[in-house]
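The values are calculated or read from the model by the stated rules, or taken from the named source; none is laboratory data. All values reported here derive from a predicted model rather than from experimental measurement. Neighbour counts are summed over all protein chains in view; Cβ atoms, including those assigned to glycine, are modelled from backbone coordinates with ideal geometry.
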Amino acid sequence: MTSLLPRYNSTRMVDEYVKKFYLPASNKGVLYTENNFDGAKNIAAWKSKIRNAWHSVTLRRLDTPDERVCFNEALNFKVAAKLNSLEPEDVIIELLICRQFDITKLCDFKHFRFKFTGIKQSDEHLFELKIVPELCGKQEYYIRIYPYHPLLTHPLEMGMMVWL
């Protein structure tokens, strides 16, 4: 208890809450209220646009997954996203990858963002990612898309996501 109490006390807890939650929220509040609440109006209109379009957002893989990859070999991922009336900057498409364990925690995943590369016919937007896995051995990965705006207080605030 002598060694733990100095680290796990109410002062540390309050400091952590201030740094992780209250200061970021205060900073967003400033951005929302600047220029006669332009930030708040902007994010409200954007959220409305997302809610109206999200029901039709789809994601499909264009490349064929490799069954085996040698260590230090690059992996190329290509996906097509039907964004309805959204723009590529309204979303993030990312790959989550980690070494495969019996029980995987979300925090074990490394996140890599796809880059927008162009528009294909039938209103699909093309995104690509090229990575060299840092670890060898059996790994699992997932691809997802979710709405993103810099004024969101948390990247997953909208609670909308499509997994591939």
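Could you check the range 1-30 and list, in sequence order, the residues that are assigned to a helix (DSSP H, G or I) and among the polar types (S, T, N, Q)? Show your work before the answer.
First pass over the range 1-30, keeping only residues assigned to a helix (DSSP H, G or I): 10-30.
Of everything in the range 1-30, those that are assigned to a helix (DSSP H, G or I) and among the polar types (S, T, N, Q) turn out to be Ser10, Thr11, Ser26, Asn27.
State which residue is farthest from the chain's Cα centre (by Cα) when the search covers only the range 62-90 and only residues that are in a strand (DSSP E or B) and either surrounded by fewer than 10 Cβ atoms within 10 Å (Cβ to Cβ) or of a type outside the set (S, T, N, Q) (or both).
Going residue by residue through the range 62-90, those that are in a strand (DSSP E or B) are 75-82.
Then drop every residue that is not either surrounded by fewer than 10 Cβ atoms within 10 Å (Cβ to Cβ) or of a type outside the set (S, T, N, Q) (or both), which leaves 75, 77-82.
Details: Leu75: 20, Phe77: 16, Lys78: 17, Val79: 16, Ala80: 17, Ala81: 15, Lys82: 17 Å.
Ranking the candidates gives Leu75 first.
What do you reckon, is Tyr141 more than 30 Å from Gly29 (Cβ to Cβ), hydroxyl-bearing (Ser, Thr, Tyr) and buried (at least 17 other Cβ atoms within 10 Å of the Cβ)? Don't jump to the end; show me each part of the working.
Working: more than 30 Å from Gly29 (Cβ to Cβ): yes; hydroxyl-bearing (Ser, Thr, Tyr): yes; buried (at least 17 other Cβ atoms within 10 Å of the Cβ): yes.
Yes: the conditions hold for Tyr141.
Within the range 31-45, does at least one residue satisfy the condition of being modelled with pLDDT of 95 or more, within 20 Å of Pro88 (Cα to Cα) and either part of a loop (DSSP other than H, G, I, E, B) or of a type in the set (D, E, K, R) (or both)?
no
Give me the residue from the range 91-116 that is in a strand (DSSP E or B) and of a type in the set (Lys, Arg) and, out of that set, modelled with the lowest pLDDT.
From the range 91-116, those in a strand (DSSP E or B) are 91-99, 110-113, 115-116; that's our starting set.
Add one more test, that the residue is of a type in the set (Lys, Arg), and what stays is 99, 110, 113, 115.
Numbers: Arg99: 77, Lys110: 89, Arg113: 97, Lys115: 97.
The residue in question is Arg99.
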